[in-house]
Structure formats: C-alpha cells, structure tokens
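To start, the structure itself, in structure tokens.
The values are calculated or read from the model by the stated rules, or taken from the named source; none is laboratory data. None of these values were measured; they are calculated from a predicted model. Cβ sites come from the backbone with ideal geometry, for glycine too, and all protein chains shown count toward neighbours.
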DNA sequence: TAAAAATACTCCATAGGTATTTTAT
DNA sequence: ATAAAATACCTATGGAGTATTTTTA
C-alpha cells in the first residue's frame, strides 16, 4: 500500500545512505538495495551515485524525488480524507481575508462550512492584503483570501474569481437603456450606497480616488447597511447604486435591474486564494478551499 | 510499477463493471475483485456498490477516484520527464500571451527555452486577454499568459507575478527626492516613452484613460523603441519616463535612477499563467511553465 | 582498509489463473 | 433466470531475510 518503493527512495534521500534508511525503516539493507534497483529498472535510469559515505542524486533521481514527494503526499491526503468521511472533522482553521472578502463574501461560505463541519474551530482574521500575505507566509494563517496585487516569494496564489462592481438602476430609470455615460452625468443621480466602511463602499471610493475624483460629490446619498435593501430600493427606482456584479446577475437577466455602462472607471479586482509554498495543507484547510471553490458566491 | 491497484480501480470506474475492466486490462475477473478488495481493506471503506448491471461509487470511492487520477497522472508525468532526460524533447508548444507579456517579457524566456530545447517548435500567439483565454479554453493553445481579469469557468489560473509601472528620473533630476507629486505637475516634465503600440506604452495610456486623463497632454515627447535606450537617456537626465519597476530595480538600488511617487495612478497588474482545467499538460508545456516560474524576468 | 552497497540463496506471502458458487434484480 | 461478483484452490513470482562478497575513496 502507498508505494513502499517510493517511500523507501524518499527515506534513502533523507538519510543519505541505504544502510541508514534500512535502520530507519526497520528492514534489511539488501531489501533497500533491491527496491532502489527495481525503481532504476522501471525508469531505466540510475537514480543514485553510490559514494563511499552515502549517496548522491543523479539528474533522474532529482526529478523522481520531486514526483515521489508529490505522489506520497497525495496518498497521505487520500487516506486522511477517506478516513475523515466517517466522523466529524476536528481541528482549527485559521483564515486570513481582506475586509472586502471577509465581510462580504465569506459569511455565507463559513455558514455552510460550519454546518458541514460542526466540530471545527474557525478563526477568521480580517486584515489588509499585505498583512494577510505576511501572516500566511509566516505560517500563522493556514490560507488567505486577498484581492490586491502583492509580492512575496513564499506565497503560492491561485485565482478564485474576478469581482467587478457595476452601476445599476431600475429598468424604469431614465438611464436604463442609455449608451455610455460619463461619471459627471452619473453623479447627478441619487445614489444609494452601503455605509462607509463596507467592503463594497471601499472598493468604490478607492477607484474614485485613483481616478482623481471625490466621492463626497455624490448627490442625495442614501445609506443602507445591506445589499438586499439597496437592491430593493434601486428596483423601486428610488436611485442608482454601485454593486458587485455577481450579486445582481439574476435580477439583470430577469430585466428587473439594468446595468449602467461607465467606461472611464475600472472597478475590477481579482480574488486570490493564497497559501504558503511547499507546505502540506491540513485536511480541514483543504476542505475549506474546496468548499470556497464550489460556493456560489465565488461563481 | 505505478500502482496497478489504482489503475485497476480507474479502469473499473471507467468501464462501470469489474468484468468489463478485466477484459480491458487482459486479466481475469477474480484478479480485479481481489485488487478492489485490497484497496477496500487498505482504506477500511467500501469503494463500490455492486449493482446488478455494473458498479456505482460510494462516497469513499468518489474521494479515492479523484486522488487516484491525480496520483496516476503524476506517475505518468514522472516517467515521461525522466524518459526525456536523455535526448532532446520534441514537439510543439502553443503559447498565448497578451501584447504586454508577449513582447516585453517572453522574448528572454523563449530564448532560454529554445537554447535548452532546440528540437521543439514554439508557436506564440499574441492576442488580447479575452482571445487568449478563449483559445486556451478551446484547447487551441497549451497555456496562456495574461494580465487582465477575465471570467471563464474552464480556465485554471495561477499567479505569476505582479507587474507595476513606475515613474523614474535621474538622481540629478529636480524631482529626484520630491515627496508625492500629482500628475499635472509631472506632465510638465519632458517625457521619454516607448513608441505607440509597445506594451509598456499601452499600459500607461490605458491607465491614464481610466483615470480620465489624456496622454496627448504630455510635453516634448521623445520616443524610443528600446527600454535600455530609455533608461540611458533618463540616467543622463534628459527627461523622465514610466517603466516596469522590475526592469529598473537594480538601477534604483544603485542610486542611478530614482522613483517618482505618483499616488493617484494605479499602474499595477497581475500576470497570470492560465491552463485549461482538467487537462494533462504535455511534457514540453510543463517544461515551459517551470522555466517561466524560474526565469528572472518573472521574479 | 573499512564502510557501504551488491550478490547469493532460501523462504514465504501474495497476486494471478481456472473452476465454481453465490448474489442481486 | 441470468449476468456479474465472490470464493476456493492451485501455482509461481517476487520481495524479504541472513550470510557473504565486491566496490569505492
């Protein structure tokens, strides 16, 4: 089970000698020799230079070492995951997220996750991108969800989704079927926005600031603290708003809400999952990651 | 070699029956039964519901199926890669890249790649992000390098680096030690830029356009078609320029060039490697990807 | 020449084969 | 009733052990 030959190969590399590996694995040294010979016969390449004091890897050995580690890791993860099928998964997961993702997207994911894994403890730390990246790199967090660019050689990043804020109005609004509109014209409309400090509001204000504009110019501001309430008010044609595209995709398809095209503003950002490179993720972390990938808020 | 039991399990799932799998693998049906029983004993879980017409996977079977595929894929890749160590790698790699990456970053990578793998054919298609994404998703390209956000469920994306354009001047320039500067002030300086159509120029003009500004306002424009020449002119204090940060990192560290902080403009983008999901990359593609990850232009 | 790896030889566990029975619908 | 899977039983391969020789710096 689980490819004893590859495990032996890993032990030999780790120990630097067949004899020491034999002691570590509690089998005889000739058994080790045989297993390595079998691998060398299978791959038709010498894997080890036999030196007087221990061994050294050949180029083929180096390639196999990399693959052997990944293969054995998968075997381990498979066992662990199948073993965890019966019985609750226990343990703690430490997640880092930026404000936008942590407050806006994660609550529903964490709800589902806690339902399915009631015996786990979840620690969510909301910080800015730089802090999340640093904490993941330092090993203080199991994974992170960030949207900004960052530089850190210890981090492996995988794109989750792109998020885009769009301007919307009711289908009865006078801008409902308008062609492209500039920001000055749009700013004369009544705006309904999330409160200051909300993720969405922050994305919007940051983009305005980057474009050299001032959000205080917005007219007759109505503030609400839920996306749903804002959508309802916009649908009632009380005003317009800026909102994450994926939260209104259905309403737009049904014709209840309309998107207002504003070409001069870029409100897109890429949500990324980040992990510490070369670290084996815990079972519970892998579960969380796979739930995020499947969750509808990230599709 | 290569875990016959897992291969048998995959064949059984593929065929939907032990008997059919036995025929496909040219071994007896009881042999298949035994191998599956061994797996079930190892993992202490039933893997298959035995139905009258063929089999169905249990939850544990589904988990193992996923891992078995990944494990067998790694075994295949290991064999292929070790086999390729002696003798040139042959074949064709079709790479898609955006203008910015394809013209600006890839040439040096492709140079090295062709040196190390002279027997390969490289097809580089330079298109916009949307086209590259679509062609990779359609299977017409082996991989893609893009910098923009995109939406496509068939695509797996992995961050490569973040690229940032910065404004620079000579250390003798009057802005060399200035604090934050707004764009209007900066635009009164002599600008030295790449020609229209260059990747860097396009990033810059796009960002200006997004910020509602006009690049034609730039004063006394000098145009050159190489980054090196621009760096030399800026160092000679002939003017200022906007340039990819990583191409001047050394000169800034040595104090030859200075970065001019302009807070109102965001010139960052994330370079991403993209692949078609659930497709096994060819050996040559994997080699190219690993060379890109290691190449200094992406660090 | 001394430590480490390879070989020689024996033994037994296990994987595979054929023939047959049991199971599930 | 019948197709498919499980079991019984036999054989042979190969992996592990001990004892010993060969290799390498």
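With respect to being touching a helix residue (DSSP H, G or I) at 6+ places or on another chain (Cβ under 8 Å), modelled with pLDDT under 90 and farther than 30 Å from residue B:184 by Cα, residue A:246 fits the description.
For residue A:144, indicate whether it is at pLDDT 95 or above and over 27 Å from residue B:46 (Cα atoms). Yes; evaluated as a whole, the condition is true for this residue. Just one of the numbered conditions (1) assigned by TED's automatic domain parsing to the domain that holds residue B:169; (2) surrounded by fewer than 17 Cβ atoms within 10 Å (Cβ to Cβ); (3) in contact with a strand residue (DSSP E or B) (Cβ under 8 Å, 6 or more places away or on another chain) is not true of residue B:249; which one? It fails just one condition, (3).
Filtering segment B:182-216 to residues that are buried (at least 20 other Cβ atoms within 10 Å of the Cβ), within 20 Å of residue A:210 (Cα to Cα) and more than 14 Å from every other protein chain (Cβ to nearest Cβ) leaves B:200, B:204. Of B:32, B:27, all but one fail to be more than 38 Å from the chain's Cα centre (by Cα) and crowded, with 20+ Cβ neighbours inside 10 Å; the exception is B:32. Any residue at all in segment A:113-129 that's farther than 23 Å from residue B:59 by Cα and within 14 Å of another protein chain (Cβ to nearest Cβ)? Checked segment A:113-129: at least one residue is farther than 23 Å from residue B:59 by Cα and within 14 Å of another protein chain (Cβ to nearest Cβ).
Would you mind finding the one in A:39, A:74 that is surrounded by 17 or more Cβ atoms within 10 Å (Cβ to Cβ), more than 12 Å from DNA strand D (Cβ to nearest atom) and either more than 23 Å from the chain's Cα centre (by Cα) or assigned to a helix (DSSP H, G or I) (or both)? Lay out the reasoning, then the answer.
Values: A:39 fails: more than 12 Å from DNA strand D (Cβ to nearest atom).
Exactly one of A:39, A:74 is surrounded by 17 or more Cβ atoms within 10 Å (Cβ to Cβ), more than 12 Å from DNA strand D (Cβ to nearest atom) and either more than 23 Å from the chain's Cα centre (by Cα) or assigned to a helix (DSSP H, G or I) (or both), namely A:74.
Selection over segment B:217-232 of residues that are part of a helix (DSSP H, G or I) and surrounded by fewer than 17 Cβ atoms within 10 Å (Cβ to Cβ) gives a count of 4.
So which of B:106, B:124, B:160 ends up being within 15 Å of the chain's Cα centre (by Cα) and surrounded by fewer than 18 Cβ atoms within 10 Å (Cβ to Cβ)?
Numbers: B:106 fails: surrounded by fewer than 18 Cβ atoms within 10 Å (Cβ to Cβ); B:160 fails: surrounded by fewer than 18 Cβ atoms within 10 Å (Cβ to Cβ).
The match here is B:124.
Among all residues of segment A:163-179, there is at least one that is more than 14 Å from chain B (Cβ to nearest Cβ) and under 31 Å from the mean Cα position of the chain (by Cα).
Might you let me know whether segment B:100-118 holds any residue that is more than 29 Å from residue B:245 (Cα to Cα) and without any contact (Cβ under 8 Å) to a residue 40 or more places away in the chain? Steps first, please.
Going residue by residue through segment B:100-118, those that are more than 29 Å from residue B:245 (Cα to Cα) are B:117-118.
With the extra rule that they be without any contact (Cβ under 8 Å) to a residue 40 or more places away in the chain, the set shrinks to B:118.
Yes: one or more hits.
Scanning segment A:24-74 for residues that are farther than 12 Å from residue A:13 by Cα, within 16 Å of DNA strand C (Cβ to nearest atom), in contact (Cβ under 8 Å) with a residue 24 or more places away in the chain and at the interface with another protein chain (Cβ under 10 Å from one of its Cβ atoms) turns up A:38, A:39. Of the residues making up segment B:218-262, those that are free of Cβ contacts under 8 Å to residues at least 60 places away in the same chain and within 14 Å of chain A (Cβ to nearest Cβ) number 1.
Based on this model, can you work out whether residue B:145 counts as surrounded by 19 or more Cβ atoms within 10 Å (Cβ to Cβ) and in contact with a strand residue (DSSP E or B) (Cβ under 6 Å, 6 or more places away or on another chain)? For residue B:145, the condition - surrounded by 19 or more Cβ atoms within 10 Å (Cβ to Cβ) and in contact with a strand residue (DSSP E or B) (Cβ under 6 Å, 6 or more places away or on another chain) - is met.
When you look at residue A:82, is it away from DNA strand C (no atom under 16 Å from the Cβ), crowded, with 16+ Cβ neighbours inside 10 Å and either away from chain B (no Cβ under 14 Å) or touching a residue at least 12 places away in the same chain (Cβ under 8 Å) (or both), yes or no? No. Within segment B:125-149, the only residue that satisfies the criterion of being closer than 20 Å to residue A:245 by Cβ, part of a loop (DSSP other than H, G, I, E, B) and touching a residue at least 40 places away in the same chain (Cβ under 8 Å) is B:148. Residues in segment B:1-23 that are within 11 Å of another protein chain (Cβ to nearest Cβ) and either buried (at least 19 other Cβ atoms within 10 Å of the Cβ) or assigned to a loop (DSSP other than H, G, I, E, B) (or both): B:1, B:2, B:3, B:6.
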